[in-house]
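A quick write-up on the structure given underneath.
The values are calculated or read from the model by the stated rules, or taken from the named source; none is laboratory data. Just so you know, these numbers come straight off a predicted model, no measurement behind them. Glycine gets a Cβ as well: all are built from the backbone with ideal geometry, and neighbour counts include every protein chain shown. With ligands, DNA and RNA removed, areas are computed over all heavy atoms of the protein, side chains included. Shrake-Rupley method; radii C 1.70, N 1.55, O 1.52, S 1.80 Å.
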Amino acid sequence: MIRLLLVDDQQLVRAGLARIFDGEPDVEIVGECSDGDEVERAVARCAPDVVLMDVRMKRLDGAAATGRLRSRPGAPPVLILTMFDDPEVVAAALAAGAAGFVLKDAPGEEIIQATLAVAAGKGWLDPAVTPHVLHACRAVFRPRPAPSGDLSDRERQVLALVGAGATNPEIAARLNIAEGTVKTHIGSIFTKLGLRDRAAAVIYALGHGLAGD
């Protein structure tokens, strides 16, 4: 059973999310917060496996709340719920350690899938969401020279396409390789660069000027 903490400053939104998860047997809502400054205490009290958090709140926004939470050892992953109307806040949330983003108006099934993925230690950048994340990152991050590292030429190509928002099937088609090979390359990239998930890979690629078109 996955323990979920809901964070949104609108009670109606929290109620709507609760209805979405009401019929999901693998998820239990263990707590709710009405603003970001309540998150750390709620996590200590409820011990959730994942936090679903609004990006814009009145007292403490989702980016700042994510940064505070993720600075603590053993903190649960954070899935950001947003409408993407503030690129700087979105980029800040990624930099703060958010594991992924899902749109507020996404279908309930997608919100559930994203939550389950993030709870399992994966990132979540749906193809419909990724362009907004990339726009946010490009608006804020200044590319730094790419370190030499020990990535192979093929791994650099894969990382560039990940940074451009391409899915694994799209990368496979672009490079004329099997999708399983793409997954192997991505796993190697994560290991070599010390990246946690796909969201972190997007940030790395953009921040180092490696993202392709």
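Does A18 meet the test of being under 25 Å from V202 (Cβ atoms) and open to solvent by 10 Å² or more (accessible area, probe 1.4 Å)?
No, not satisfied.
So D86 fits all but one of (1) farther than 19 Å from R3 by Cβ; (2) modelled with pLDDT of 85 or more; (3) open to solvent by 10 Å² or more (accessible area, probe 1.4 Å); what number is the exception?
Here D86 clears every test but (2).
Of the conditions (1) part of a helix (DSSP H, G or I); (2) surrounded by 19 or more Cβ atoms within 10 Å (Cβ to Cβ), L79 satisfies every one except a single condition; which number is it?
Among (1) part of a helix (DSSP H, G or I); (2) surrounded by 19 or more Cβ atoms within 10 Å (Cβ to Cβ), L79 violates only (1).
Which is in contact with a His (Cβ under 9 Å, 6 or more places away or on another chain) and of a type in the set (V, I, T), of T82, T66?
From the options T82, T66, the qualifying one is T82.
Taking the options G74, G97, name whichever one is buried (at least 17 other Cβ atoms within 10 Å of the Cβ), of a type outside the set (S, T, N, Q), modelled with pLDDT of 85 or more and at positive phi.
G97
Could you please find all residues in segment 175-187 being surrounded by fewer than 16 Cβ atoms within 10 Å (Cβ to Cβ) and assigned to a helix (DSSP H, G or I)?
E179, G180, T181, K183, T184, G187
What residue, among those in segment 178-190 that are of a type in the set (V, I, T) and over 18 Å from A120 (Cβ atoms), is modelled with the lowest pLDDT?
It comes out as I189.
If only one of V102, V133 is modelled with pLDDT of 85 or more, open to solvent by less than 30 Å² (accessible area, probe 1.4 Å) and within 19 Å of A63 (Cα to Cα), which one is it?
Of V102, V133, the one residue that is modelled with pLDDT of 85 or more, open to solvent by less than 30 Å² (accessible area, probe 1.4 Å) and within 19 Å of A63 (Cα to Cα) is V102.
Restricting to segment 31-45, name every residue that is closer than 20 Å to A99 by Cα and open to solvent by less than 70 Å² (accessible area, probe 1.4 Å).
Answer for segment 31-45, where residues must be closer than 20 Å to A99 by Cα and open to solvent by less than 70 Å² (accessible area, probe 1.4 Å): G31, C33, D35, G36, D37, E38, V39, E40, A42, V43.
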